[in-house]
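Every number here is computed from the coordinates shown, using simple stated rules; none is lab data. A quick note: this is a predicted structure, and the numbers were derived from the prediction, not measured. Methodologically, a virtual Cβ is constructed for each residue, glycine included, from the backbone with ideal geometry; neighbour enumeration extends over all protein chains shown.
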């Protein structure tokens, strides 16, 4: 099969077969229509920072692409009537970093965004792409998990549906996302919290993939811990909430921290592996060490 | 010879800077090649066995591309299927025997990238694994008695007897340790690439990203049985080499030429990053075993060192790497009873090759760790340990070489200590640790020092055998042009060589150019390796410029009817006795094309016996000392390098900015090797062959660096200069290890000191988090 | 598809597959070889350009997203025939050695300096954290950016 070579000298020089079918909608309705029509045969692209890795000149990797970069309805950060923070799926991490709304509602998301790649990546990578690419090391996902975020999916056929981020991830790169659906918004519900923290232990100080990431949020009233959320990345096929540790802490409080018990509880919550970047043993230890460190800081603040 | 104020010693701006900062500089993939097809390599996927067949999909129209396998070599003019390095055992294309993964097995070229990609998807190798499992690392090679590719030994006094005596002497301490290092990937930011083309009359030409045009030239002559003038090799602006483009370009150049001959047109091969990482050469992994005796006063009494290197599957440059390794293995310390034994062992992995340091970093890791071990056992301050033991002028090395000149060893130690405020820095780190412990912080600071030496230029008789040559030619309007095969790969040779010539002739630097490094235009001044470009080639260039000056004197004598030898040059002016008879303009008028040439001249009284490995291993050494401050996070094992102070004796800094740049760049590569550059091998292949997963430092990982240049002039180097390119990478890793040990009390013996290894070492001790 | 974009102030048009990398469109389609490929995966930053006022790794931008965009490459950093202070300092102060990272590094630093005032060395390092250099150890790159920043702050220089 020969690729058709147009007579245009530029295209000839590039040797690129004009093969990829492109949809470049401006509205969400157009985008959903295209996704509805082609389903899994149509690959959505937002910032391209995951999808474009490994692209080579002259190699058409996708039969059909749905470019979401200019769908204005997919961008933007707002506070809804019920106080929830609503982030369009195609909002870039640079926009998140600059947002006073995010700073107020979920400053950990900004901390996490600052650890993503570097300037070049933050300017293009989107929160929706990060969520849907579903790497176990996705940097924004532990924060979203700790915030009990929900995801709004939409299809032309059925309209919108909302689900918890925890229900969205069903296994390693297994998502509750139909072939004709797009992720349209990320919602962080309004919740009273007094403390949040984020720590990513990566491969280097920038341009790094997480070996372990922990996002935490809690509410302490009059020195009493009301609740705490602890979410981890890179220690399981999907993001995990340390439910056992959370319950233990909610019952016990953070003063006179039962560290050994917390460590034991965490061990049951995380399931890290060995890979080219790190080891299961390291991830297990570091997840526990960093958690204890954060909890000690919380305790000191609350005393 | 011009002296005093001049361009040498000044931080002249890079002469090739304009192109680099505007994007105009042309690297191989930037050079317009409108006729060139695109080439790529099909590689083996098993570590040992046979290549039984290559299957080309019959549904693909192969007439639209060209393909080359070992069967095609004879009809393409190949005389012997071997890429000449030290020997020609490494095949240019696999002819049946597979000795490592990623061996080139077939080549394909196509008119477009798209077609090339399609073709590559349509070819399969049929490989049969060998009956016995492949040998995949150094431990396996040692355990299974793998073939020894090369071995060397050095003896001074009687180390065995001295060690035996020491073992029985209660006042002496015995230090033993096994120190290991893994591969390191050069990771130049521009991948390898070459363009090959046939020449009318049967010759061939290549241009590309390379360090040594004459190495490629030699390999192509040998491969195709061509005369020297039938092969033209040119270096394009090259985006980093660090040794990684010393030998492998010969292989790539050969591939490009094979495809070019098959296609009868130019063919360009530019490696994708992944291919470059898994297939090309790396630093040799090493295992160095120390057994040494120290006296109560901290001085080294006897040392026995064993060095094992993982050569990979073919010899390539390994003997030279092992040679340098053993010549540095005993360290820059006085010792009367030394025994060094080195072996390079075969493994079924891609052959290892040159990377800045070339065997010296591996043994420096060991000798400095051993020194630290001894210091700790004896309760001697680590800096004091070096001060008591370091080689000084007049001392004798393990090969019996008396260090007669340019020995800035004490100076670099004292300068690094002063610059870093060693004692105060150590005390402050200790105070920080105490305070952090009280406050319940997981951060611990530590300070360490390392000291190293590095023989400049080729070992022993290498330069004598090479007979490097350079010329300085007069161009129009009194401009001079340097003709040398030295390539600028970032280290600034296209600036410092003109500075040297300009100083010699007392000309403004604007009047000095460098010819393009093309084998049909420049003589062979030797490869751009071994920290020799400034010291050796710079001297040859200086002498060639002086020869040009002498030729101009003779010309003036003839023109003016003056007696032979009566005209002498002072700087850029010419004198008959005390009478100035001509300036540069006048003397060079009509003399365009006049040349001065010089061939390497070995300094008198410097000799080395290759058989016994005794004598003057290198004419002169560089000396370096590093002090580093780190902060270790007990929770994660991460080490942050807070700051590093270095002092290096370079003889004379031709261009201080360029020298400092070499030092700082080498230091960061050493820090990367120390902490985060881990080549993960799986089944004989690099498993983390992506920039995402092979970690080099970013600007946020790099510390602020304080760089001190010490000058102990070397009489035989240009204006006193000696080599600096490699020594900066020798010291940082052991300095960091010492600092980590100061911070957290663990003695690490393996590189890299990843957070995983540091945390495991911590956990092997007691719990680190305390109770607060 | 036909993509129209403004590159270094000049309106351009190319025929390319929609998912062709902007990097290849710049280098091969438009002959602007100043932007380099170092890794093809957005790690090294050698391919850094400015797209609609923000940094981007051009190896990760599909050209369809550059439709109607304003792009600045290294070739557009100098003003007419005068070097930007960054370029001058990189060339003179040791900010460039082999030079392969230099175009991307200068583009990243230029955008940073356009938006910052009296940056600290740490802020400079953060700004160029996405640009890997193997030659310099970053020391003189940070020096060069700081010198250019100081020049801008003192109001002198501008372009030269």
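Here chain A carries DSSP beta bridges of which approximately 85% are antiparallel, counting only pairs with both residues inside.
Which of B:14, B:652, B:388 comes first, and how do the rest follow, when ranked by fewest Cβ neighbours within 10 Å?
Values: B:14 29, B:652 22, B:388 17.
Fewest to most other Cβ atoms nearby, the residues stand as B:388, B:652, B:14.
With the largest listed first and rounded to whole Å, the semi-axes of the equivalent ellipsoid of chain B from the Cα gyration tensor are 42, 38, 24.
Highest mean first, what order results for C:118-129, B:418-429 on Cβ atoms within 10 Å?
Working: C:118-129: 18.5, B:418-429: 16.8.
Per-residue Cβ counts within 10 Å, averaged per peptide and sorted highest first, yield C:118-129, B:418-429.
Summed over qualifying helices (DSSP H, 4 residues or more, each -39500 (n - 2.57)) and divided by its residue number, chain C shows a 222 nm mean residue ellipticity of -8500 deg cm²/dmol. Of the peptides B:602-614, C:24-36, the order by per-residue mean of other Cβ atoms within 10 Å, starting with the highest, comes out as C:24-36, B:602-614. Among B:409, A:164, C:58, a tally of other beta-carbon atoms within 10 Å of each Cβ gives an order, fewest to most, of A:164, B:409, C:58. Across chain A, C-alpha contacts under 8 Å between residues 6 or more apart give a mean separation that, scaled by the residue count, equals a relative contact order of 14 percent. Rounded to the nearest 10 degrees, the angle from helix A:243-252 to the longest Cα principal axis of chain A is 30 degrees. Given in Å, the Rg to one decimal and the Dmax to the nearest whole number for the Cα atoms of region B:517-556 are 12.7, 40. Neighbour counting of Cβ atoms within 10 Å sorts the residues B:722, A:174, B:282, fewest neighbours leading, into A:174, B:282, B:722.
For chain C, the Cα-based Rg and Dmax, in that order, read 15.4, 47 Å. When the Cα atoms of the protein assembly as shown are aligned to their principal axes, the ranges along those axes come out at 103, 85, 73 Å in descending order.
In chain A, the DSSP-assigned H stretches of four residues or longer account for a calculated mean residue ellipticity at 222 nm of -9500 deg cm²/dmol, using -39500 (n - 2.57) per stretch and the full residue count as denominator. Provide the percentage of antiparallel DSSP beta bridges, counting only those with both residues in the protein assembly as shown; round to the nearest 5. Just about 80 percent of them are antiparallel.
Between 0 and 90 degrees, rounded to the nearest ten: what's the tilt of helix C:102-115 against the longest Cα principal axis of chain C? Tilt relative to chain C: about 70 degrees. The angle separating the long axis of helix A:259-269 from the principal Cα axis of greatest extent in chain A is about 30 degrees. With N the number of residues in chain A, Rg(Cα) / (2.2 N^0.38 Å) evaluates to 1.09.
Among rounded, prolate and oblate, which fits region C:85-153 when a ≥ b ≥ c are the square roots of the eigenvalues of its C-alpha gyration tensor, a/c under 1.5 means rounded, and a/b larger than b/c means prolate?
Because a/c hits 1.5 or more and a/b exceeds b/c, region C:85-153 counts as prolate.
Each Cα pair under 8 Å and six or more residues apart adds its separation to the average, and for region C:2-75 the resulting relative contact order is 40 percent.
Please state, as a whole number in µm²/s, the translational diffusion coefficient that the Stokes-Einstein equation yields for region C:2-75 at 4 °C and 1.567 mPa s, with Rh defined as the Kirkwood radius across alpha carbon pairs. Write out the running numbers ahead of the final one.
Numbers: Rh = 11.7 Å.
Translational diffusion coefficient: 110 µm²/s.
Take each residue of peptide B:753-759, count the partner chain Cβ atoms within 10 Å of its Cβ, and average: the result is 4. Mean sequence separation of contacting Cα pairs (under 8 Å, at least six apart), scaled by the length of region B:366-446, corresponds to a relative contact order of 16 percent. The mean number of Cβ atoms from other chains found within 10 Å of a Cβ in peptide C:106-119 is 1, as a whole number.
For chain B, the 222 nm mean residue ellipticity estimated from helices alone, with every DSSP H stretch of n ≥ 4 adding -39500 (n - 2.57) and the total spread over all residues, rounds to -9000 deg cm²/dmol.
How many partner chain Cβ atoms sit within 10 Å of a residue's Cβ in peptide B:187-194, on average, as a whole number? Each step should come with its number before you reach the end.
Values: counts 5, 5, 18, 9, 5, 0, 0, 0.
That average works out to 5.
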